[in-house]
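Written out below as structure tokens is the structure these notes cover.
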Amino acid sequence: MTQPYYQDEAVTIYHGDCREIVPTLGRFDAVVTDPPYGVDFDYAGYDDTHDAWAALMEDIIPKLKKAAPFVVMPAGDRMALRQMYIDHSPDWIIAWFKGSPGTRSPIGFNSWEPHLTWGKPYKAMHDAFQTRCGFELKGHPCPKPLAWAMWLVQRAAPHGGTVLDPFAGSGTTGRAAKDLGRKAVLIELEERYCEIAANRMAQGVLDFGGIEPSTERLTGRDQLTADGTQHAAGQEDAESSETVP
Ligand SMILES: C[S@@+](CC[C@H](N)C(=O)[O-])C[C@H]1O[C@@H](n2cnc3c(N)ncnc32)[C@H](O)[C@@H]1O
């Protein structure tokens, strides 16, 4: 069994290949992860080709579905999305509205990313959310914004529950889990990213005074208008009536 690279009361980090480590770990409340997209990102060691991505998904997706009742991850690029639907057909898609990051879509400009889901979360959740796209963290080529992980982790796992992130990068999912009173097990191939993640975990926990913080964006009262601006529409919906933030 691989020894943890880092461990505290909420987060365990393993340095290694998730394809070997995940089957040794048991069950989790949810998998919240962000695999490579197969788009030639400049990672420290991993070769981010489409073929490497396809081989990785072929191996890891069945293992992740065994490890938790709910799995959520970005689909990757357009080719990846198509292939996922053929080889690993998801149960649903969550739309992450991230604003326009300056990238293109097949019809022009890109403002959202599909996140594929398998299984069901511990309670009903919405299938669209919005966070800003930018990040400040240095040392990883493509860290997700903390707000992205906060929204997903809060809805994927109950308070006190544990999420697995097998492609942890700089540890954003673990940081969100810790701040939200969840636990996390992180796996990362590159030691230098494990080090960044471990340093992030060692920082103090946000104190929300025992109350679940609101990570609501585009759900409940927060609606997106057709021109992309936000306004409080004052509409109740199923999620707010279930008092999910
Ligand atoms: C898109 S990045 C994740 C970024 C992360 N969400 C963050 O906020 O920093 C994907 C990560 O998966 C890692 N990776 C690639 N293959 C892996 C494998 N077989 N096992 C574990 N990690 C792997 C890469 O090194 C990279 O850091």
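Looking only at region 37-61, which residues are touching a helix residue (DSSP H, G or I) at 6+ places or on another chain (Cβ under 9 Å), touching a residue at least 60 places away in the same chain (Cβ under 8 Å) and not in a loop (DSSP other than H, G, I, E, B)? The answer is Ile60, and nothing else.
Between Gln230, Gln203, the distinction of being over 21 Å from Val22 (Cβ atoms) and either at pLDDT below 85 or in contact with a Pro (Cβ under 7 Å, 6 or more places away or on another chain) (or both) belongs to Gln230 only.
For region 176-203, the set of residues classified as more than 9 Å from the ligand (Cβ to nearest atom), buried (at least 24 other Cβ atoms within 10 Å of the Cβ) and charged (D, E, K, R) consists of Arg182 only. Among the residues of region 62-90, just one is assigned to a loop (DSSP other than H, G, I, E, B) and without any contact (Cβ under 8 Å) to a residue 12 or more places away in the chain, namely Ser89.
Here is a yes/no grid of residues against (1) away from the ligand (no atom under 14 Å from the Cβ); (2) small (Gly, Ala, Ser); (3) under 24 Å from Ile60 (Cβ atoms):
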site: Ala95; (1), (2), (3): yes, yes, yes
site: Pro114; (1), (2), (3): yes, no, yes
site: Gly119; (1), (2), (3): yes, yes, yes
site: Lys138; (1), (2), (3): no, no, no
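I'm trying to understand the selection: among the residues of region 155-175, which are under 18 Å from Arg27 (Cα atoms), assigned to a helix (DSSP H, G or I) and more than 7 Å from the ligand (Cβ to nearest atom)? Break it down stepwise before answering.
Within region 155-175, the subset under 18 Å from Arg27 (Cα atoms) is 155-168, 173-174.
Keeping just the survivors that are assigned to a helix (DSSP H, G or I) gives 155-156, 173-174.
Arg155, Ala156, Gly174, listed by residue number.
Yes/no matrix, rows are residues, columns are (1) surrounded by fewer than 24 Cβ atoms within 10 Å (Cβ to Cβ); (2) at negative phi; (3) at pLDDT 95 or above:
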| position | (1), (2), (3) |
| --- | --- |
| Gly108 | yes, no, no |
| Trp112 | yes, yes, no |
| Ala124 | yes, yes, yes |
| Phe135 | yes, yes, no |
| Lys138 | yes, yes, no |
| Pro143 | yes, yes, no |
| Thr162 | yes, yes, yes |
| Ala168 | no, yes, yes |
| Gly174 | no, yes, yes |
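Quick check on region 47-73: of everything there that is under 18 Å from the mean Cα position of the chain (by Cα) and within 10 Å of the ligand (Cβ to nearest atom), which residue is farthest from Ala30 (Cα to Cα)? Here the answer is Trp53. Within region 24-46, the residues that satisfy the criterion of being more than 9 Å from the ligand (Cβ to nearest atom) and either charged (D, E, K, R) or surrounded by fewer than 13 Cβ atoms within 10 Å (Cβ to Cβ) (or both) are Thr24, Gly26, Arg27, Asp29, Asp40, Asp42.
Among the residues of region 176-188, those identified as within 26 Å of Pro62 (Cβ to Cβ) and either part of a loop (DSSP other than H, G, I, E, B) or β-branched (Val, Ile, Thr) (or both) are Arg182, Val185, Ile187.
Each row is one residue, and each column tells you yes or no for (1) within 19 Å of Glu9 (Cα to Cα); (2) in contact (Cβ under 8 Å) with a residue 60 or more places away in the chain; (3) among the basic types (Lys, Arg).
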position: Pro106; (1), (2), (3): no, no, no
position: Asn110; (1), (2), (3): no, no, no
position: Thr131; (1), (2), (3): no, yes, no
position: Leu146; (1), (2), (3): no, no, no
position: Ala149; (1), (2), (3): no, yes, no
position: Gly161; (1), (2), (3): yes, yes, no
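The values are calculated or read from the model by the stated rules, or taken from the named source; none is laboratory data. What you see is a predicted model, and the numbers here were worked out from it, not measured in a lab. Every residue, glycine among them, receives a Cβ derived from its backbone with ideal geometry; neighbour counts consider all protein chains shown.
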